[in-house]
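All remarks here apply to the structure that follows.
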Amino acid sequence: MALKKTLTIAGSDTSAGAGMQADLKTFQELETYGIVALTSIVTMDKATWSHDVTPIPFDVFEKQLETAISIQPDAVKTGMLGTQEIIKRAGEAYEESGADYFVVDPVMVCKGENEVLNPGNTDAMIEHLLPKATVVTPNLFEAGQLANLGTLKSIDDMKKAAEIIHKQGAKHVIIKGGKALDQDKSYDLYYDGEHFYQLTTDMFQQSYNHGAGCTFAAATTAYLANGKTPKEAVIAAKAFVASAIKNGWKMNDFVGPVDHGAYNRVEHIDVDVTEV
Ligand code: ADP
């Protein structure tokens, strides 16, 4: 049987834990055929690891979309888009592609960097991406920004944010509490417009988890393409990324990526699902 095709519209992380590298590795692990339209290239200073983002010229981005759409992806995922123009085009490209699923990872900062990439981008995501999203996968910070609720501190705060983001048009919302919620377990909240579910795993090491968010969204995309429902897909993606995080490793003094292959190669981790 032919593989399902999954397209990521994202940046390149040269250290290869996050970005389109994380997406392609995850797609491969989960048996879809990964395709890329690159928005930017992120490089790191070897002495300080500060990030430098080089945008891909818009006409080159456009040519990649033309190629990628002609391959007829079954599912499309967005990662770091960078500008309002690219955000708008990414939403249009999903529609032009005829894909069945659209997973929006509303990336707002590069991990390890504090600066929000471009504040106007949040409004552009709300306008151009959320109304088309099958699943949106904000972390705690991104959910607070999208819902305009500031810092989210509890599952109740996450529920309020999820309701607002669902009203913005995303059909399924998963807010990743992860380590940011500062609990002994790793909690994510899933909302389908009717029911809230808390997805829980143990909390694993928190130092070497570069790429966790991209890997989670890419796994959700691959699971959707291969036939899981959105709820099944996010639960399976949480198990996939939990293995990747537990087996994260130290690359240098600055960064440690997740192990994208740990789910298949090392171990499976249980996810508890409770309606809340
Ligand atoms: P992002 O990279 O977008 O900030 P997160 O790292 O918050 O995303 O989350 C990605 C996924 O990994 C979520 O399912 C989150 O709950 C989970 N996660 C993050 N850190 C840990 C950890 N230390 N142990 C277990 N799960 C984690």
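Side notes on the structure shown:
- A 1.4 Å probe run over the protein chains yields, for segment 188-276, 40 Å² of accessible area per residue, whole-number rounding.
- Under 17 Å from K250, Cα to Cα: lysines that are on another chain or at least 8 residues apart: K46, K111
- Accessible surface of segment 90-225, 1.4 Å probe, proportion on carbon and sulfur as whole %: 44 percent
- Excluding ligands, DNA and RNA, the accessible surface per residue across segment 58-145 is 42 Å² with a 1.4 Å probe.
- Our compactness index for segment 87-244, the C-alpha radius of gyration over the empirical 2.2 N^0.38 Å, is 0.96.
- Only Lys, Arg, Asp and Glu carry charge here, each on its Cβ (+1 for the first two, -1 for the last two); on that basis segment 21-108 has a dipole of about 260 debye about its Cα centre.
- Scoring 213-223, 29-39, 227-237, 168-178 by mean Cβ neighbours within 10 Å over their residues and listing the highest first yields 213-223, 168-178, 29-39, 227-237.
- Entry note, the chain: the mean residue ellipticity at 222 nm calculated from DSSP H runs of n ≥ 4, each adding -39500 (n - 2.57), is -11500 deg cm²/dmol after division by the residues and rounding to the nearest 500.
- Accessible-area composition of segment 1-70, carbon plus sulfur, in percent [1.4 Å probe]: 59 percent
- Neighbourhood charge, 14 Å Cβ-Cβ cut-off, centred on I71 and excluding it, Lys, Arg +1 and Asp, Glu -1: 0
- Amide H contacts of G34 (H built 1.01 Å from N, under 5 Å, at least 5 apart or other chain): T6
- Cα gyration tensor shape of the chain, rounded if a/c is under 1.5, else prolate or oblate by comparing a/b with b/c: rounded
The values are calculated or read from the model by the stated rules, or taken from the named source; none is laboratory data. Because the structure is a prediction, the values reported are computed rather than measured. Cβ: placed from backbone, ideal geometry, glycine included. Neighbour counts: every protein chain shown. Only protein heavy atoms, including side chains, enter the accessible area calculation; ligands, DNA and RNA are left aside. Shrake-Rupley method; radii C 1.70, N 1.55, O 1.52, S 1.80 Å.
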